[in-house]
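S.K.: This is the structure I have questions about; it appears just below.
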Amino acid sequence: MGKYNLSQLTKTLDKLFSAGFKDEKSILALKLEDLEKIQDFGMVDVNIIINLKKAIKTKQLIKFLSEGEV
């Protein structure tokens with residue numbers, strides 16, 4: 001696996017879903033201010049979100065989830 005493992009990705013996605021970011025549109029609209037409101041959100045999570053947004057924009061979500069990077 002690449003940069004992030006499946007456990008890290010799953011934990012970050014769970015935090016996003018719990019905070020109400022449940023689809024591509026809402027994830028792409030995320031701002032730094034939104035991330036401040038999510039409990040236990042660290043730098044690894046921020047980096048995962050940056051790469052998740054890239055994956056959504058470039059339509060490489062499966063590659064990101066399987067390899068941990070785009």
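The values are calculated or read from the model by the stated rules, or taken from the named source; none is laboratory data. Quick caveat, the model's predicted, so the values are computed rather than measured. In this analysis, Cβ positions are derived from the backbone assuming ideal geometry, glycine residues included, and neighbour counts consider all displayed protein chains. In case anyone asks, the SASA skips ligands and DNA or RNA and just uses the protein heavy atoms, side chains included. Shrake-Rupley method; radii C 1.70, N 1.55, O 1.52, S 1.80 Å.
S.K.: Compute the longest continuous run of the chain that contains no exposed trypsin sites (Lys or Arg not before Pro); treat a site as exposed when its DSSP state is not H, G, I, E or B and it has at most 15 other Cβ atoms within 10 Å. Spell out each step's value before the answer.
M.R.: Working: sites that count: Lys3, Lys22, Lys31, Lys37, Lys59.
The longest such stretch corresponds to 38-58.
S.K.: Of the heavy-atom accessible surface of the chain (probe 1.4 angstrom), what whole percent is carbon and sulfur? Could the numbers behind the result be given before it?
M.R.: On the way: 2600 of 4740 Å².
Its accessible area is 55 percent carbon and sulfur atoms.
S.K.: Got the relative contact order for the chain handy, in percent, Cα pairs under 8 Å and 6 or more residues apart? Kindly include the intermediate steps, with their values, before the conclusion.
M.R.: Numbers: 52 pairs, mean separation 35.3, N = 70.
For the chain, the relative contact order is 50 percent.
S.K.: Just to confirm a number: summing +1 for Lys and Arg and -1 for Asp and Glu over residues other than Met43 whose beta-carbon lies under 15 angstrom from that of Met43, what do you get?
M.R.: 0
S.K.: Quick check for you: with a 1.4 Å probe and neighbouring chains kept, what is the accessible area per residue of the chain, in Å²?
M.R.: On the way: 4740 Å² over 70 residues.
Per residue, the chain has an accessible area of 68 Å².
S.K.: Suppose the chain between Lys11 and Gln60 were pulled fully straight at 0.36 nm per residue; how much longer would it get relative to their current alpha carbon spacing? List each step's numbers first, then the result.
M.R.: On the way: separation 49, 0.36 × 49 = 17.64 nm, distance 1.97 nm.
Stretched fully, the Lys11-Gln60 segment lengthens by 15.7 nm.
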